[in-house]
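Have a look at the structure below before the remarks.
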Amino acid sequence: MKGLLYNSFLQNKTIYLVATIAFAVITIASSLVLGLNDNTESLLYMFMMFIPVLGPLTITCILGEANGKKTEKMLKCGFIKYTLTSGVSRMKYAAAELIENLATFLGGYALCAVMYAVLSLVGPDTIPPVYYRNCFMLVMLTAALMYLVTTLVLYIRDEQKASLIVGFVIGFLCLPLLLTENEEGLQLEITDTVFWAGLGIAAVIYTVCYFIMVRRLKRECT
């Protein structure tokens, strides 16, 4: 398993660098917006409506997408079949994929927590503590969906198509359920119920996709 994880790291290290650069750009740009803000409440409201959500999602998607692209390349060159016929079991391979995704989740959340901490220094009242909790759920759910993308790649052999399928379901069917409208406009509201439901959905996705992946890999062995 160590070999599989090391291989993934070597293939994805450029994407990890891109995610780190994206984190730096988002954090610096957001800090400048807060620091140069002329107390225009509408500007600050729009900023705080999108950045705490889009920042974590962007960083996590970049990190998670790397695994789907790696899986597509390994499928097309036959490396997965070679690996599975060289003594690596299907369950061990699927476990390595799961561990890699969970590392993506933890790395994404760590970067987002640092981003929130920096923004809190620039604008002390702009990042309430609940944002850290909400970010944890959003990043975990996003990472789980990227794991779903990787699982779909095993079937359709195209990471972009798999991402579009999952993105369509989330963007057009699920995300509107989180939006509420008040006198200030649309707002993303993550209540306690939504928070725990999001964690539960992520856990279900991880569990189901793991066993689907194990089953699908059986075909790649032959």
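The values are calculated or read from the model by the stated rules, or taken from the named source; none is laboratory data. Given the structure is predicted, the values throughout are model-derived calculations rather than measurements. Virtual Cβ from ideal backbone geometry, glycine too; neighbours counted across all protein chains shown. Ligands, DNA and RNA are stripped out before the accessible areas are found, and what is left, the full protein with its side chains, is counted by its heavy atoms. Shrake-Rupley method; radii C 1.70, N 1.55, O 1.52, S 1.80 Å.
Per-structure values
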{"read-out": "Solvent accessible area, Å² - V208, 1.4 Å probe, full protein context", "value": "70 Å²"}
{"read-out": "Ordering of 100-108, 153-161, 137-145 by burial proxy (mean other Cβ atoms within 10 Å per residue, highest first)", "value": "137-145, 100-108, 153-161"}
{"read-out": "Area of C77 that stays accessible when all protein chains are in place (1.4 Å probe, Å², to 10)", "value": "100 Å²"}
{"read-out": "Accessible heavy-atom area order of Y6, Y109, highest first, probe of 1.4 Å", "value": "Y6, Y109"}
{"read-out": "V118 accessible area, 1.4 Å probe, all protein chains in place, Å² to nearest 10", "value": "50 Å²"}
{"read-out": "Sequence-separation-based contact order of the range 59-145, relative, with Cα cut under 8 Å and 6+ spacing, percent", "value": "42 percent"}
{"read-out": "Probe 1.4 Å, all protein chains present, accessible-area order of I28, I190, largest first", "value": "I28, I190"}
{"read-out": "Inter-site label distance for L121 and K13 at 7 Å from Cα along Cβ, in nm", "value": "2.9 nm"}
